1. Among (1) in contact with a strand residue (DSSP E or B) (Cβ under 8 Å, 6 or more places away or on another chain); (2) over 20 Å from residue 147 (Cα atoms), which single condition is residue 60 missing?
2. Do the conditions hold for residue 83, that is, is it at pLDDT 85 or above and small (Gly, Ala, Ser)?
3. Take the conditions in a helix (DSSP H, G or I), closer than 29 Å to residue 141 by Cα and modelled with pLDDT under 90 and apply them to residue 9. Does it pass?
4. Which residue, of 61, 69, 65, is in contact with a Ser or Thr (Cβ under 9 Å, 6 or more places away or on another chain), at pLDDT below 90, among the small types (Gly, Ala, Ser) and surrounded by 14 or more Cβ atoms within 10 Å (Cβ to Cβ)?
Amino acid sequence: MRLAAQDRTTKWSAPLARLRHDDGSALLLTIFYAALSLAVILLVVASTSLYLERKRLFTVADGAALAGAEAFALDDVHQTPAGFRPLLRSQDVSTSVEQYLRDNPADGFSALHVDRAVTVDGRSATVELSAYWSPPVVSLFVPNGFRITVTAVARSVFS
């Protein structure tokens with residue numbers, strides 16, 4: 001009986017001894033952490049690119065809204081108890097925004113589109129622009145791209 005127990009321990013001692021050694025496990029951890037780091041870096045690069053693209057698009061929309069808010073003739077200025085106030089029209093705002101985008105081309109935007117250029121209250125211009133964003137590096141973790149939309153509002157002041 002003693003011999004059978006001894007045979008069992010020697011039968012399993014060689015594989016267990018191999019499992020107790022750390023040979024190769026550091027390489028697997030290094031590969032895993034390198035892949036994880038690469039995924040995090042790609043996600044950070046994509047999110048930074050999206051943030052900067054949105055800020056650039058908002059800057060263009062802000063300039064277009066400012067141009068739209070100044071789209072009034074002197075005949076459209078009326079005196080109110082609060083002072084002189086211009087009256088904006090949606091058609092004038094839209095025309096002014098289109099002219100602004102023609103005169104100041106927004107380079108680097110893919111499929112730039114004016115979704116809305118109107119005045120809601122007759123005193124402020126609302127401009128909504130959209131463009132297609134695509135990540136700098138396409139990966140499994142980031143989609144191929146999508147449309148981003150920004151809205152800017154500017155109010156005209158006449159003094």
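1. (2)
2. No.
3. no
4. Only one candidate passes the filter, namely 69.
The values are calculated or read from the model by the stated rules, or taken from the named source; none is laboratory data. Just so you know, these numbers come straight off a predicted model, no measurement behind them. Virtual Cβ from ideal backbone geometry, glycine too; neighbours counted across all protein chains shown.
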